[in-house]
Amino acid sequence: MFLSTYEKQLDGKRRLLIPQEFRTAENGAEHGVFCFPSIEADCLEAGGDKLFAEYRAVIESLPFGDPYRSALEASIFGEQKPLSYDSAGRITLPEHLCAEVDLSDTVVIYGVGERFQIWNKDKWAAHRAEQRRMAREGLKQFGEMRRQASAVKAGGAA
């Protein structure tokens with residue numbers, strides 16, 4: 001799994017050091033990563049063979065010709081760039097991908113399970129704040145649902 005958050009420098013040649021713990025056989029990224037513009041956020045999404053297999057399974061579960069399948073194929077297969085590591089563990093991000101999500105200088109690499117995201121530092125700060133707000137709200141709703149379920153159980157047992 002890709003876990004944790006790292007702040008890294010993107011050099012003038014758009015090279016980015018990928019954390020060593022992300023470059024493993026377990027997550028399918030020991031030789032390189034697949035990278036494409038994220039569908040859900042204003043960042044790049046990346047991962048190894050496991051991520052590619054996840055997306056492929058989702059796409060193939062939709063019937064051929066389905067407009068959602070076509071959109072996913074275009075967004076994931078069509079925009080994906082396989083990137084190999086250099087001898088220092090860096091990938092070189094294509095210029096058009098950096099421009100699309102406004103990457104320069106300092107970026108944030110954010111591990112989210114089967115994938116990781118590469119963010120503009122300022123956009124990451126806003127995204128993180130919103131994600132934390134949503135997580136607090138979700139946890140609060142989950143707690144309320146559990147309390148209601150317990151109350152129903154207790155009322156049924158009486």
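Data for the structure
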{"read-out": "Those residues of the range 31-42 which are open to solvent by 10 Å² or more (accessible area, probe 1.4 Å) and either hydrophobic (A, V, I, L, M, F, W, C) or farther than 25 Å from Ser75 by Cβ (or both), in sequence order", "value": "Phe34, Ile39, Ala41"}
{"read-out": "Neighbours by Cβ (under 9 Å, 6+ apart or cross-chain): first from the range 17-31, more than 11 Å from Gly47 (Cα to Cα) and of a type outside the set (Lys, Arg); second open to solvent by 80 Å² or more (accessible area, probe 1.4 Å) and in a helix (DSSP H, G or I)", "value": "Glu26/Lys50"}
{"read-out": "Subset tally (residues that are touching a helix residue (DSSP H, G or I) at 6+ places or on another chain (Cβ under 6 Å) and part of a strand (DSSP E or B)) for the range 23-35", "value": "1"}
{"read-out": "Residue in the range 129-142 that is more than 15 Å from Glu45 (Cα to Cα), outside any helix (DSSP H, G or I) and either without any contact (Cβ under 8 Å) to a residue 24 or more places away in the chain or of a type outside the set (Ser, Thr, Tyr) (or both) present", "value": "no"}
{"read-out": "Gly28 in contact with a strand residue (DSSP E or B) (Cβ under 9 Å, 6 or more places away or on another chain), open to solvent by less than 50 Å² (accessible area, probe 1.4 Å) and at negative phi", "value": "no"}
{"read-out": "Residue that is nearest to Leu17 (Cα to Cα) [pool: residues in the range 43-72 that are of a type in the set (D, E, K, R) and surrounded by 16 or more Cβ atoms within 10 Å (Cβ to Cβ)]", "value": "Glu45"}
{"read-out": "Residue within the range 78-97 that is at positive phi, open to solvent by 60 Å² or more (accessible area, probe 1.4 Å) and either touching a helix residue (DSSP H, G or I) at 6+ places or on another chain (Cβ under 9 Å) or not hydrophobic (A, V, I, L, M, F, W, C) (or both) present", "value": "no"}
{"read-out": "Breaking point among (1) under 25 Å from Phe22 (Cα atoms); (2) free of Cβ contacts under 8 Å to residues at least 24 places away in the same chain, for Arg146", "value": "(1)"}
{"read-out": "Some residue of the range 115-126 being closer than 28 Å to Lys8 by Cβ, without any contact (Cβ under 8 Å) to a residue 40 or more places away in the chain, surrounded by 14 or more Cβ atoms within 10 Å (Cβ to Cβ) and not aliphatic (A, V, I, L, M)", "value": "no"}
{"read-out": "Residues of the range 127-145 classified as within 15 Å of Thr5 (Cβ to Cβ), open to solvent by 80 Å² or more (accessible area, probe 1.4 Å) and more than 15 Å from the chain's Cα centre (by Cα), total", "value": "1"}
{"read-out": "Tally of residues being in contact with a Lys or Arg (Cβ under 7 Å, 6 or more places away or on another chain) and open to solvent by 40 Å² or more (accessible area, probe 1.4 Å) across the range 103-114", "value": "1"}
{"read-out": "Residue ID - most open to solvent (accessible area, probe 1.4 Å), chosen from residues in the range 1-22 that are within 19 Å of Trp119 (Cβ to Cβ) and in a loop (DSSP other than H, G, I, E, B)", "value": "Met1"}
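The values are calculated or read from the model by the stated rules, or taken from the named source; none is laboratory data. Quick caveat, the model's predicted, so the values are computed rather than measured. Note that we place each Cβ from the backbone using ideal geometry, even for glycine, and neighbour counts take in every protein chain shown. Side chains included, ligands, DNA and RNA excluded: accessible areas come from the protein's heavy atoms. Shrake-Rupley method; radii C 1.70, N 1.55, O 1.52, S 1.80 Å.
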